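Student: Following this message is one structure expressed as structure tokens.
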Amino acid sequence: MTLQEAILARHSVRQYSGRPLSENQANVLRQQIAQSNAAKNLHIQLVQRDTKALSGILAKFLRFNGATNYIAMVGHQSPLLHENIGYEGERIVLLAQTLGLNTCWVGGSFSRNRNVQIDRDEMYIAVIAIGHGLNQGRQHSSKPIETFADIKGAPDWFRRGVECAMLAPSAMNRQDFHFALLPNNTVKATARPAPFAGLDLGIAKFHFELGAGTDNFRWA
Ligand SMILES: Cc1cc2nc3c(=O)[nH]c(=O)nc-3n(C[C@H](O)[C@H](O)[C@H](O)COP(=O)(O)O)c2cc1C
């Protein structure tokens with residue numbers, strides 16, 4: 001499965017079997033996490049066999065079940081921290097899908113504990129539940145494509161980028177991002193200010209790149 005195919009196959013999954021990640025799955029994820037951390041000055045960590053972080057009252061209310069493995073999205077404070085966490089986190093989410101795993105971004109309903117290392121000047125932004133799902137989730141509803149961009153007369157690669165962004169996860173399925181095609185194949189991506197807007201924007205930009213192809217454009 002390619003990352004592009006993973007975009008179609010991925011849906012948020014909130015119920016997991018107790019089956020642990022295989023050695024190979026954990027190693028591939030750790031390798032990517034190390035690369036993401038080095039590239040963006042992040043401190044993302046894979047945590048396994050933690051029965052507490054996603055079992056609180058709020059998590060139960062949201063019907064999380066059996067989620068004992070997760071990726072802690074931690075990073076050094078910077079103006080681009082949230083967007084970078086979204087971008088690199090979604091790279092890991094789609095990689096996990098190619099490994100036969102399921103995921104769900106969790107922005108608020110998790111409890112912080114000692115299994116996650118947070119160094120000075122770092123922030124713990126979100127977690128991504130990961131594991132063998134009891135189901136594959138289902139396709140989210142989406143706003144019409146015109147909400148996300150003016151695609152009339154736009155090149156195919158731009159439309160493909162927007163279509164892939166529409167399949168991206170977003171907090172409460174808000175999908176509050178927008179892409180503008182500027183002269184010289186430049187694309188400007190924006191998000192309306194809201195909680196998790198930076199995360200959602202980074203996630204959507206990663207999807208856009210996979211759809212559009214990074215050779216076809218550059219970000220404004
Ligand atoms: C930044 C972010 C935070 C999220 N937080 C939660 C959460 O706290 N609880 C939850 O059940 N789902 C959470 N989600 C999952 C969204 O509800 C889900 O991505 C959205 O409804 C679209 O569905 P899909 O992921 O199946 O495509 C979050 C998603 C994102 C991107």
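Student: About the Cα centre, and with charges only on the beta carbon of Lys, Arg (+1) and Asp, Glu (-1), how big is the dipole of region 3-131? Nearest 20 debye, please.
Tutor: Computed charge dipole of region 3-131: roughly 480 debye.
Student: So how much slack lies between Thr2 and Ala220, counting 0.36 nm per residue of separation and subtracting their Cα-Cα distance, in nm?
Tutor: Going from the current span to full extension adds 75.8 nm.
Student: OK, next. Determine Rg/Rh for region 66-187; Rg is computed over alpha-carbon atoms and Rh is the Kirkwood hydrodynamic estimate from the same atoms.
Tutor: Details: Rg = 16.8 Å, Rh = 16.6 Å.
Across region 66-187, the Cα-based Rg/Rh ratio is 1.01.
Student: Go through region 91-97 residue by residue and turn each phi into a ³J(HN,Hα) via Karplus (6.51, -1.76, 1.60, θ = phi - 60°); whole Hz please, and just put x for glycine and proline.
Tutor: Those phi angles translate into 4, 5, 4, 6, 4, 4, 4 Hz.
Student: Per residue of region 205-219, what does 6.51 cos²θ - 1.76 cosθ + 1.60 with θ = phi - 60° give for ³J(HN,Hα)? Whole Hz please, x for Gly and Pro, Karplus curve as stated.
Tutor: 5, 5, 4, 4, 4, 5, x, 7, x, 6, 6, 8, 7, 9, 6
Student: Ordered by packing density, taken as the mean number of other Cβ atoms within 10 Å over each peptide's residues, highest first, how do 60-66, 151-157 rank?
Tutor: Going by the mean number of other Cβ atoms within 10 Å, highest first, we get 60-66, 151-157.
Student: Which order do the peptides 118-129, 162-173 take when ranked by the mean count of other beta-carbon atoms within 10 Å per residue, highest first?
Tutor: With the highest mean Cβ count within 10 Å placed first, the list reads 162-173, 118-129.
Student: Output the Cα-based Rg and Dmax of region 145-219 in Å, rounding Rg to one decimal and Dmax to a whole number.
Tutor: Taking only Cα atoms of region 145-219, I get Rg and Dmax of 11.4, 34 Å.
Student: Could I ask something else about it? Per-residue HN-Hα couplings for region 132-145, Karplus 6.51 cos²θ - 1.76 cosθ + 1.60 at θ = phi - 60°, whole Hz, x for Gly and Pro?
Tutor: Using θ = phi - 60°, the values come out as 8, x, 7, 8, 9, x, 8, 4, 6, 6, 9, 5, x, 4 Hz.
Student: Label-point separation (nm) for Glu122 and Ile145, each offset 7 Å from Cα along Cα-to-Cβ?
Tutor: 4.2
Student: What value in Å³ per residue do you get for the convex hull of the alpha-carbon atoms in the chain?
Tutor: About 120 Å³ per residue, rounded to a whole number.
Student: For region 3-131, what is Rg from Cα atoms divided by 2.2 N^0.38 Å, rounded to two decimals?
Tutor: With N residues counted in region 3-131, Rg over 2.2 N^0.38 Å equals 0.98.
Each value in this text was obtained by applying a stated rule to the coordinates, not by laboratory testing. This is a predicted model, so every value here is computed, not measured. A quick note on method: Cβ atoms are made from the backbone with ideal geometry, for glycine too, and the neighbour counts reach across all protein chains shown.
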